[in-house]
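Just so it is clear, none of the values below were taken in a lab; they were calculated from the coordinates. Predicted model, so just to flag it, every value in this text is computed and none were measured. Positions of Cβ are generated from backbone atoms using ideal geometry, with glycine treated the same way; all protein chains shown enter the neighbour counts.
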Amino acid sequence: MLRSRIIPCLLVHRRGLVKTIKFKDPKYVGDPINAVKIFNEKEVDELIVLDIDATAENRGPDFELIKNLAAECRMPFCYGGGITTVDQAKTIINLGAEKLAISAAAVRNFSLLSEIGQAVGMQSVIVVIDVKKKSLLGGYDIYIRNGKEKTELKLRQFLDDLNRIGVGEIVINSIDRDGTMSGYDYELADMVRTLTDMPITIMGGACDFDDMKKMIERYKIIGAAAGSLFVFKGKYRAVLISYPSKQEKLNII
């Protein structure tokens, strides 16, 4: 049975760990392997690692980095970045990742999702949908390539298509809230939850553990993901990797 999860999301840029604000101005916050070691000690539920350079640079996944991350991880590990073929997906799973995060390729070549699902199991196929709120008409636009390219996809139709093929999970990421620690976008979460019964993870804007608790209680089975909340501390955003203690987790989930 699925359970709620509290998920750190790590962004890799030039092989370093960074954090962005609204997908811009990446700030270096450390070494990804060291971060994984710390999260091991804190017994995190799951980890998402996204190589934000791969698609932007039109290259494939960094297999050496994935191998090193998987060797350190003692928790389920999802990798995303530059996945465009079934062979790449199979290699990543064979290196030790449990899940594959696919974004731009899901937009450009939708059939790839089913092809990868047939090769490694659809439960391992995670689709990341990066969205921005429309300024005038309401609703949300879907973006790819680190928020630089707006697609013509309609969120409702895209979710219908994902429902139809039954991907393992959907990660909804608010570009507007990314790195702001201003709170999750509950309007977005409400919309997505009404459009799909598939497992979803909400990301972008988490401000504290109470925000995560509210999100999980509101939707029951859900992943609450965050970046800044787990790598920064205080108003001056000093770098400090953290995660809820066992007692704090019991209060959240």
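Exposure proxy for Phe158, Phe63, Phe39: other Cβ atoms within 10 Å of each Cβ, ordered fewest to most, give Phe63, Phe158, Phe39. Taking Ser111, Ser135, Ser182 in turn, the Gaussian network model of the chain (Cα-Cα springs below 10 Å) assigns the largest fluctuation to Ser135.
Here the simple spin-label model places points 7 Å from the Cα toward Cβ, and for Ala119 and Gln157 these points are separated by 2.8 nm. Enter the Cα centre distance for the pair the stretch 116-187 and the stretch 192-242, rounded to the nearest angstrom. Between the Cα centre of the stretch 116-187 and that of the stretch 192-242, the gap is 15 Å.
With neighbours defined as other Cβ atoms within 10 Å of a residue's Cβ, the residues Cys9, Cys207 order from fewest to most as Cys207, Cys9. Note on the chain: with charges restricted to the Cβ of Lys and Arg (+1) and Asp and Glu (-1), its dipole about the Cα centre is near 460 debye.
Working note: 222 nm ellipticity from helices only, DSSP H runs with n ≥ 4, each -39,500 (n - 2.57), summed and divided by the residues of the chain, gives -9500 deg cm²/dmol to the nearest 500. Each semi-axis of the equivalent ellipsoid for the stretch 1-137 is √(5λ) with λ an eigenvalue of the Cα gyration tensor; in descending order they amount to 21, 20, 16 Å.
Which Cα, out of His13, Ile66, Asn251, lies furthest along the positive dipole direction of the chain (beta carbon charges, K/R +1, D/E -1)? Among His13, Ile66, Asn251, the one farthest towards the positive end of the dipole of the chain is Asn251.
Looking at the chain, the DSSP beta bridges with both ends there are about 35 percent antiparallel.
Pairwise Cα distances in the stretch 5-252 exceed 28 Å for 25 percent of all pairs. Dipole orientation for the chain: of the candidates Ile38, Leu2, Gly234, Gly234 has the Cα lying most toward the positive pole (charges on Cβ; Lys, Arg +1; Asp, Glu -1). Count Lys and Arg as plus one, Asp and Glu as minus one, and take only other residues whose Cβ is under 12 Å from that of Met75; the net charge is then -1.
Grab the other residues whose beta carbon is less than 13 angstrom from that of Ile116, score K and R as +1, D and E as -1, and report the net. Combined, the nearby Lys, Arg, Asp and Glu give 0.
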